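Notes follow once the structure below has been shown.
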Number of protein chains: 2
Amino acid sequence: MDFSSFCTSLGTSFLIFFVLMILFAILQSKPGNNVVYYPNRILKGLEPFEGGVKTRNPFSWIKEAFSSSEQDIIAVSGVDTAVYFVFQSTVFSILVICGIILLPVLLPIAITAAGGKKTQTTSKGTFNELDQLSMGNITAKSTRLWAFFIACYWVSLVSLFLLWKAYKHVTWLRSEAFKTPDLKPEQFAIVVRDIPPVPEGQTRKEQVDSYFRAIYPETFYRSMIITDNKKVNKIWEELEGFKKKLIRAETVFADSKTTAKPEGTRPTNKTGWLGLIGKKVDSIEYYNEKINELVAKLESEQKITLKEKQQNAAIIFFSNRVVAASAAQSLHAQTVDKWSVFGAPEPCQLLWPNLKIKYFEREVRQYVVYFIVALAIFFYMIPITFVSAFTTLKNLVKILPFLKPIVKLGTLRTILEAYLPQLALIIFLALLPKLLMFLSRLEGIPTESHVARAAAGKYFYFTVLNVFIGVTLGGTLFKTFKQIQNKPKDIVPVLAASLPGNATFFLTFVALKFFVGYGLELSRLVPLIIFHLKRKYVCKTEAEVKEAWAPGDLSYATRIPSDMLIVTIVLCYSVIAPLIIPFGALYFGLGWLVLRNQALKVYVPAYESYGRMWPHINNRILASLILYQITMFGYFGVQKFYYAPLLIPLPILSLLFGFVCAKRFYPSFENQALEVAAAEVKEVPNMELIFRSFIPPSLSSEKIDDDQFEDARSEVSRQTSFV
Amino acid sequence: MDFSSFCTSLGTSFLIFFVLMILFAILQSKPGNNVVYYPNRILKGLEPFEGGVKTRNPFSWIKEAFSSSEQDIIAVSGVDTAVYFVFQSTVFSILVICGIILLPVLLPIAITAAGGKKTQTTSKGTFNELDQLSMGNITAKSTRLWAFFIACYWVSLVSLFLLWKAYKHVTWLRSEAFKTPDLKPEQFAIVVRDIPPVPEGQTRKEQVDSYFRAIYPETFYRSMIITDNKKVNKIWEELEGFKKKLIRAETVFADSKTTAKPEGTRPTNKTGWLGLIGKKVDSIEYYNEKINELVAKLESEQKITLKEKQQNAAIIFFSNRVVAASAAQSLHAQTVDKWSVFGAPEPCQLLWPNLKIKYFEREVRQYVVYFIVALAIFFYMIPITFVSAFTTLKNLVKILPFLKPIVKLGTLRTILEAYLPQLALIIFLALLPKLLMFLSRLEGIPTESHVARAAAGKYFYFTVLNVFIGVTLGGTLFKTFKQIQNKPKDIVPVLAASLPGNATFFLTFVALKFFVGYGLELSRLVPLIIFHLKRKYVCKTEAEVKEAWAPGDLSYATRIPSDMLIVTIVLCYSVIAPLIIPFGALYFGLGWLVLRNQALKVYVPAYESYGRMWPHINNRILASLILYQITMFGYFGVQKFYYAPLLIPLPILSLLFGFVCAKRFYPSFENQALEVAAAEVKEVPNMELIFRSFIPPSLSSEKIDDDQFEDARSEVSRQTSFV
């Protein structure tokens, strides 16, 4: 890629961003779009705009984003979102502090170097203005390398210092969130798994109750046995589906009562497959019939589930926060594969089907999944290498000669050349998250937020290994393949040597990501179009409309790894091609601003894990930092800089930092500190409400109420516990 | 070493053992020696022999040892001792089961081999009958190697299976011990360290009390602030010393009142250095004066200590076992370097001076000590290599020519030749434990038993690295030094190749250890002589006599690592020279028998850690097993056995086993399972007594009693807690 195509890429990216911004300014002021641009505020029962002024400055969102405090974010969107902003602002600060020093110092040093070593430049072999600004322009063994050497230390030390501060801050955020006096049901409960087989003559409920009552005679409140809800869930979903259809049919019927035809047309449907075949029936009658049928079925299935489908896991409720927090951290049985406990998550986060998996099965599943993911990471390397090798225009024309006339058009050619490799990459990456979420769920992880973290971890390693290392090596792989084959240990120098050649590729990648990515994010063009289409052609009832604009959450499982990829790229190139730093800073600065707006007004968090994501974020930034330090070590070796071994303390320091963080901060993320749990609660907890909040919707209904759950409670419990 | 010197060595060892046994049979029946041979029974207030029969069979101790059950051992000597016997019997069973298969199969295969490869035999190059029984006699690439290959698997699988059973059994022993209804003060207390600085306007006591009262409003009983007792301990020891001297002087005075001289001679002493210089004074008066002086001094120092020398650590008492067990496992503060807790050990085990060391200092100290120990291990290698190279008679004669006439005496020469290398080794090893205990204490470890474990770990790595690997390599080091220097990776094949050559050396070493070692152990010749000398020439008072026969404990810190060395040696040679197996089995069989007697009748355990030693024992047996598997892999390589890589699964399996054990069993050794702590207690705990049991002797005296400790207790505590 030469300089002009780089500028074209940057220019078009910015143009797209500019257009999207204008679109956003126009669209967001239309009241009909409020549900797309302000769903979080609407769901919270607030006015879309503050002050409720109708005509407002199209750029006032920027002011609002800047003026919002961390506490506002926590109040509106929870601690997890606040922690995400800590991540963005930390990386932003790292890049700004590094850029202030590195840019004015390293760029002049690089430009004025003897330079022009054509062999180390892009894969195409053309040398351009951009490459003059990078470390590739420095002659080997030059004393100028000392400046780059010191820069390595500066970037590392700044990163570690800010990461330490951030970890401290997040720990504080977490403890403050736990200390708030409002009642959180999950603070009064623990989940116990691996319950041994029921002894003769006892029910599961009796077994669990007597076990915990013996240990916590005063504070044990009640237990809820986990059941296999597969069948009851299915019936319940079917029932809910028919209920929606009934409302829809009634709305259609009501709408059809025009003044011309006051009796209306009763809607009909066919009972067969997809409503296309089978007998034609009156919809309202048919659905009512179906609903009655299913309600009875659900009721009997609920009874069966509660009585007969009890699993070897339970939720235990305590009347005291401290006891629950302490119980969640304590070993209950002599061996860990019996009565193993963990602190309960929010009720909605609990993955019931995973709770019954036994200890050793969980362990085995985990390693099997790791193995599959490792396989996936290494074998996806092959297609991505081909993608990166073929998606240059020259190659495409060779393979598909009919493209030749298109390529001859000057501008189009430049645009295509600029975007083709990046687009292929982005599309490719969009296919993965679902698979990784599915695999993480297979591990037997018991909570939603943990699944998201596990998937994010896999995705991170995937992107870093395949995109960063894959593309870097891929560009030079064909020529260096033999070299690596002969000496596999040479992968670090080969990787390091091919870094400068790919600098412009990644520069464009980062620019594309933030201009187009955040432009689309802010303008919400896709959700807007989908919403309007749905409202016009599909939705009949109000519930359906509401469903159509439901905003979703920030989906950390994919958002964080893709930010992490940028962190890795920018860190690794920060010293080699310092020009990437302002792009990285822009990415995180713009990201902070845009997502601040989205968090305040659009996204509704699906769960709250009180910042448990942070240790993972911290560790992955560290991993990127270590990758950067190792590649720098390799690159200094390639440049024949004899003092390169002086860089060895850096990765050691980073590892030590990670170790100290894990020792010092991590325990309070894994467990809840008792001094925090002992903070005053606003009100006397209503244990009955807390208990009910954990009943899944398919098992709770107006009718079955207390009596049904009594069946799943032991006689002992019924007699002695106060309800 | 040739065959005849091996036989001589074995013969003399056995002779010594036989003599010692006879001595024991004679000496133990003399009533005057009862305090040496039955101190544990006497201290427990039992008759020395069961049934109290005076004339008894000199071998009845064997019957008694065999008929004693595990429960007897626990009752007499505690769980730690029982766990030690589990270790001995487990290793014994492993060796017996391996021996039954390996001896009849491998020995004939080795003898009938084409054999006689002189290059692979002992360092002296003479080939003898013993080497014909080893794997060294098999020609390279022979199909006979398959038998040895299968033997490798057999030994490994038997070891792992029995280790698993033993771990299960020890876990059960531990839980049973905790479940006993008798009151253990340590089950009601936790120790908290790293208390933050005292806030303005509060005392340390108030700070601690209010912190724990907030978390445990109902079960918190009282706290005891750790103080710096250095000065008060010194005064107290001085006082105790003078008290003893006073009694001694009084006894001397009473003894001097003979009928001839009824007024007696008042004993005198000099006040200066060691009682040798200075003014001559009347002892009884002088000591009384000193005691009165010191009592006053002690009292005022106690007050100062309790008020002004409070440290940042405390013992917290709870009125409930489950709460204490749960509290010991829970995170109290957000960061681990504040309010860090652990379950209290027995009062006598707590190392007060180490409790004040702060979290990060502890971490740093630990790594510094590890580093020092690593240095010690690697630099002791140099002297031991010389020891092993020089302590052959030929070398000694070369260096010390005046030894020549001695060497010419046939039998003496054989004996010397047999013992010299082993004796050097044994003396050398005797110097170490003190240093290692001191170093472990420096780490900041808070309990005695943990210090013993830490020292045992260091000692194990020391002996294995220096004795086993050092001697093995040492014998061949001079010739192979260049080889290793050129390719450090070759250490495994070099080690493996030099194994068979040293087989007889280690055979003799094991034989010497069990015959002479256990002979001395059982006959207690050294303590007996010391006791009689002391009683005759030193002891005047009854307390002094009692002190002279105080039996001490089993001192696991040195006993277990030296057993472990035998385990390592026997395992590593089990397949190469199967003849070592019966010797190993004898070592552990005889050890079991002799120590059973000693545990029942002699040693008094200094502390009880409820089998916490076991995970360490288990891991070290595993380490030996892995060392064995790796050297076998190397040795099969030396024998050019192409299927050697099929041994690779073995170390992986061992590592996996260790990992599973750590996951499954270890948590209940680190923490107390709540279901165990919830077991019924016999009586309502007298919290005051429990509290008092933790007061160190130097701080408790008849006079200062409650009032003094009240000073260190907060006002809050005095008002609300029931005493």
Original post:
Any idea what log10 I(q)/I(0) is at q = 0.09, 0.10, 0.11, 0.22 Å⁻¹ for segment A:542-667, Debye with uniform C-alpha scatterers and no solvent?
Top reply: -0.39, -0.47, -0.55, -1.31
Original post:
Given the convex hull of the Cα atoms of segment A:165-291, what is a quarter of its surface area in nm²?
Top reply: 18.0
**OP:** Per residue of B:333-345, count partner chain C-beta atoms within 10 Å of its C-beta, then hand back the mean as an integer.
**Re:** 4
Original post:
Arranged from highest to lowest average of other beta-carbon atoms within 10 Å per residue, in what order do the peptides A:84-95, A:629-640, B:95-106 appear?
Top reply: A:84-95, A:629-640, B:95-106
Original post:
Net charge near B:V232, counting Lys/Arg +1 and Asp/Glu -1 over other residues with Cβ under 9 Å of its Cβ?
Top reply: +2
**OP:** At q = 0.17, 0.27 Å⁻¹, what is the base-10 log of I(q)/I(0) for segment A:232-303 according to the Debye formula with one equal point scatterer per Cα and no solvent? Please give it to two decimals.
**Re:** -0.69, -1.16
Original post:
Which net charge results for the neighbourhood of B:V545, defined as the other residues with beta-carbon distances under 15 angstrom from its beta-carbon, given Lys and Arg at +1 and Asp and Glu at -1?
Top reply: +3
Original post:
Can you name the chain A residue with its Cβ nearest the rotation axis from A to B, and give the distance in Å as a whole number?
Top reply: A:S326, 2
Original post:
Out of residues 5 or more away from A:T268 or on other chains, whose amide H comes under 5 Å of its own, with H placed 1.01 Å from N in the peptide plane?
Top reply: A:S283
Subject >> Local electrostatic count, B:V79, Cβ distance below 11 Å [Lys/Arg +1, Asp/Glu -1] >> reply: -2
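A short reminder: the numbers here are calculations on the coordinates, not readings from a lab. All of these numbers come straight from a predicted model, not from anything done at the bench. Counting neighbours? That spans all protein chains shown, and the Cβs are built from the backbone with ideal geometry, glycine included.
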